Amino acid sequence: MNIKKYSNLIILLGIFAAALVFMSQSPLNILLLNGNSGIDSSVFRTIAMQMERGLMPYRDSFDHKGPLLYIYNYLGLLIKRHRGIWIIEFISAFAAFGLMYKTARLKCDRMRSFFVLIICAAPLYSYFEGGNMTEEYALPFIMSAVYIFADYFMNDRITRMRLVICGLGFGAVCMLRVNMIAVWIVFCCAVLLRSFREKRLEEIPRFLLYFLMGAGIIVLPICFWLIFNNAFVDFIKDYFVFNIMYTKDAFRATALNKYNSFSGFANNIYVLTSIVVICRACRDRSLFHIAYLGYEIAGLLMICMSGQGYAHYGMVLVPALVYPFSLLLSKETIREETWILAFVLYFSVSRVIPVWIGGIDKTAEYLLMENRTRERTDAVGQVCTYITTNTNIDEKIIVWGNWNIIYVESERLPASKYSYQLPIGNVDETIMTEFFGELSETLPRIVVISQDERIEEILGFLNEHQYACTFEVDGFAVYSRGLY
């Protein structure tokens, strides 16, 4: 084995180890036998469980994310019921990390590129929020687009396969959550501008053809799947119409909330450093650097459309960090500005290394755990034990609020299309009307109350239909009908 192959193997193992350490932060990792998925993740897993039993997203279960997310969760369920999704998460993280390294190699040698990866992946720890999120699965697709566009503008390197991959990534992200496509919006316009400016108009039809071909590879089968299962109209309503309402909600999506969201994500040392580096690079007035700055700003603006500052939104900013940090650590930059080396060392010691040490510590904790058990003694475990004891697997239940982990761990389907009602019921009041209409027909044997918001509405329903509180734990109440 020559030195180059040996070096590549070490780098590959390093990327694998970095992905493994990062993904060990997931509550669904294979080392932790009884972790609970987060609020959003549990919704996606609930829909996957419904798909397993022949139901369809949108048609039979409301949620406003893209269909590819539910397909991922369904595939994870097929691999292994409670931990299979982690395998898909790990593959996604490994692919994203590999592409981050590949992008850094456009400016740096192997070791510097790996260091860029370690720096740029560090903020993912604060953005992760338990994982199994749309942003997490979008990372490798966005990162592949950043690499393809950067290599095109820097080295004029483009092939049919790259165009197809770029289009496929665009289609995949559109099928996850459409407000994460800033890289394609900005750089496709930049490619068009370059073609006009350099009078290379003949390449535009070819670029467009293969790009659309790639997008169609993933978008068309999903759309046909939805159409053939009578879920396409509901998909349009939930994914497009509702999300437009979500971004215009009078209480959540106010101008002040959008500003605060923008400020919160922008006021981050990684993001600020990358913007400053690109602003400095823009002194060469190259189309690529100007477009890159536009991509960073557009990415920030698009994640703030809903006016919410959920940390996991920030994951899509990470691909934009890679090129600026590789530019910062390149030999040319450090040779010209020797103080940059001191900044990078300080940055690494104060920010990056502690984050990764924390990740390694948690991984070691799970690996060396002595009392490894599947037994659940927390509130989720107790509520689910009560449900499984008092219902059979074909009986449906309902959870008031947003606590879908109960459906997943009890393996009971929701008795309504709306497995969760808040905050979506505050955005669209017709959801509440439909929800209570369905509940009046199904009259589930068990209703779990997980939060107090608008509780008078559900309590009124329970009193009207002779439900009684039969179990309570840690502020959660279980109401039953016909069990007392």
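Placing a pseudo-label 7 Å from each Cα along the Cα-to-Cβ vector at Ser350 and Ile217 gives an inter-label distance of 4.4 nm.
Scaling against 2.2 N^0.38 Å puts the C-alpha radius of gyration of the range 290-399 at 1.80. Helices in the chain, meaning DSSP H runs of at least 4 residues, each add -39500 (n - 2.57). Divided by all residues, the mean residue ellipticity at 222 nm is -19500 deg cm²/dmol.
Of the accessible area of the chain, computed with a 1.4 Å probe over protein heavy atoms only, carbon and sulfur atoms account for 63 percent. Counting only DSSP beta bridges whose two residues both lie in the chain, roughly 60 percent are antiparallel. The local environment of Glu129, defined by Cβ-Cβ distances under 10 Å, has a net charge of -3 under the rule Lys, Arg +1 and Asp, Glu -1. Straight-line cross-link partners of Lys331 among the lysines, defined as a Cα under 25 Å from its Cα and at least 8 positions apart when in the same chain: Lys4, Lys5, Lys102, Lys107. Here the spin labels are modelled as points 7 Å beyond Cα on the Cα-Cβ line, and at Asp156 and Lys396 they lie 6.2 nm apart. Taking the charge dipole of the chain about its Cα centre, with +1 at Lys and Arg Cβ atoms and -1 at Asp and Glu Cβ atoms, the residue from Tyr386, Leu69, Leu443 reaching farthest to the positive side is Leu69.
Report the FRET efficiency, 1/(1 + (r/R0)^6), for Ser263 and Thr385, where r is their Cβ-Cβ distance and R0 is 56 Å, rounded to 0.05. Given R0 = 56 Å and the Cβ-Cβ separation, E is 0.80. In whole percents, the pair-distance distribution calculated for the range 424-484 from its alpha-carbon pairs, binned every 5 Å from zero, is 4, 16, 27, 27, 16, 8, 2, 0. Extent along the principal axes, Cα only, for the range 164-271: 49, 45, 22 Å, with the longest axis given first. If the cut-off is a Cα-Cα distance under 20 Å, which lysines reach Lys237, setting aside same-chain residues fewer than 8 apart in sequence? Straight-line reach from Lys237, under 20 Å: Lys65, Lys248, Lys417. Among residues other than Phe251 with Cβ under 15 Å from its Cβ, the summed charge is 0 (Lys and Arg +1, Asp and Glu -1). Given R0 = 35 Å, the distance between the Cβ atoms of Glu365 and Cys282 translates into a calculated FRET efficiency of 0.20. Identify, among Gly359, Trp400, Ala320, the residue whose Cα sits farthest towards the positive end of the charge dipole of the chain, taking +1 on the Cβ of Lys and Arg and -1 on the Cβ of Asp and Glu, with the dipole about the Cα centre. Ranked along the dipole, the leading option is Ala320.
Close amide H pairs (under 5 Å, H built 1.01 Å from N) link Trp400 with Val448, Ile449, Ser450, residues at least 5 positions away or on another chain. Our estimate of slack between Leu20 and Ile340, defined as 0.36 nm per intervening residue step minus the Cα-Cα distance, is 112.2 nm. A simple spin-label model places pseudo-atoms 7 Å from Cα toward Cβ; at Glu332 and Ile236 they are separated by 5.0 nm.
Estimated translational diffusion coefficient (Stokes-Einstein, Kirkwood radius over Cα pairs, 4 °C, 1.567 mPa s) of the chain: 53 µm² per second. Work out the charge dipole of the chain with +1 on the Cβ of Lys and Arg and -1 on the Cβ of Asp and Glu about the Cα centre, then indicate which of Asn132, Gly216, Gly307 is farthest towards its positive end. Final value for the positive-end residue is Gly216. Over the range 217-345, all Cα pairs binned in 10 Å intervals from 0 give whole-percent P(r) values of 11, 29, 26, 21, 10, 3, 0, listed from short to long. The loop-placed trypsin sites (Lys or Arg not before Pro) in the range 38-105, going by DSSP, that have at most 13 neighbouring Cβ atoms within 10 Å of their Cβ come out as Arg53, Lys80. Here the chain is treated with +1 on each Lys and Arg Cβ and -1 on each Asp and Glu Cβ, and its dipole about the Cα centre works out to around 2320 debye. Based on protein heavy atoms only, the chain ends up with 44 Å² per residue of surface accessible to a 1.4 Å probe.
The values are calculated or read from the model by the stated rules, or taken from the named source; none is laboratory data. Everything numeric here is computed off the predicted structure, so don't read it as measured data. No Cβ is skipped: glycine too gets one built from the backbone with ideal geometry, and neighbour counts run over all protein chains shown. Surface accessibility is based on the protein's heavy atoms, side chains included, excluding ligands, DNA and RNA. Shrake-Rupley method; radii C 1.70, N 1.55, O 1.52, S 1.80 Å.
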